[in-house]
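Structure first, then comments.
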Amino acid sequence: MIALEQMKSLLDETGLPVCYYAWPEGKAPPLPYICFLTAFSNNFGADDRVYYPIDHYQIELYTRYKNPEAEGKVEQALSSYFWEKTETYLDTERCFQILYEVEV
């Protein structure tokens, strides 16, 4: 299990602005930036208890345009973990959301 502070430090290695969940209203930096959160747990159980806690993190990279360089920075930071990636264009925000999901 990796603590929130550890995940933030890991994502800080990208050199991009990073926050937990969302920036305060009106305080978001210019794109690209990263938001991350613990979406849920997927714990391993044994003997009717949590034997090994596992957190499911969502790391959201927001970019104005398709940005392979920023994606590469996130993927390098997550290189020690198995991650899944999806991409969505947010019409209302006029930006891309690249979602990385990892369980640690």
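Coordinate-derived values only; no laboratory data. From a predicted model like this one, the values you see are computed outputs, not experimental measurements. A quick note on method: Cβ atoms are made from the backbone with ideal geometry, for glycine too, and the neighbour counts reach across all protein chains shown.
Within straight-line reach of K66, meaning a Cα separation under 19 Å, sit the following lysines at least 8 residues removed in sequence or on another chain: K85.
Take every Cα pair under 8 Å whose residues are at least 6 apart in sequence, average their separation, divide by the length of the chain, and the relative contact order is 26 percent. Extension gain, S80 to E101, is 6.2 nm, computed as 0.36 nm per intervening residue step minus the present C-alpha separation. Our coupling estimate for the stretch 13-23, obtained by passing each phi through the Karplus curve with A = 6.51, B = -1.76, C = 1.60 and θ = phi - 60°, is 4, 6, x, 8, x, 9, 9, 8, 6, 7, 6 Hz, Gly and Pro reported as x. Across R94, R49, R64, mean-square fluctuation computed from a Gaussian network of the chain (C-alpha pairs under 10 Å connected) peaks at R49.
As an exercise, use a Förster radius of 41 Å and the Cβ-Cβ distance of K66 and T38 to find the FRET efficiency, rounded to the nearest 0.05. E(calc), rounded to 0.05, equals 0.90.
Full extension of the chain between D47 and E87 yields a length gain of 10.5 nm, computed as 0.36 nm times the residue separation minus the alpha carbon distance. Within the shell defined by Cβ-Cβ distances under 13 Å, the residues around E71 carry a net charge of -1, with Lys and Arg each +1 and Asp and Glu each -1. Taking θ as phi - 60° and the Karplus parameters 6.51, -1.76 and 1.60, the scalar couplings of the stretch 88-104 work out to 9, 9, 9, 4, 5, 9, 6, 8, 8, 10, 9, 9, 10, 10, 9, 10, 9 Hz in sequence order, x denoting glycine and proline.
Computing volume of the Cα convex hull per residue in Å³ directly from the structure and comparing it against [x] 142; [y] 112; [z] 99 singles out [y].
Neighbours of V18, meaning other residues whose beta-carbon lies under 9 angstrom from its beta-carbon, give a summed charge of 0 when Lys and Arg score +1 and Asp and Glu score -1.
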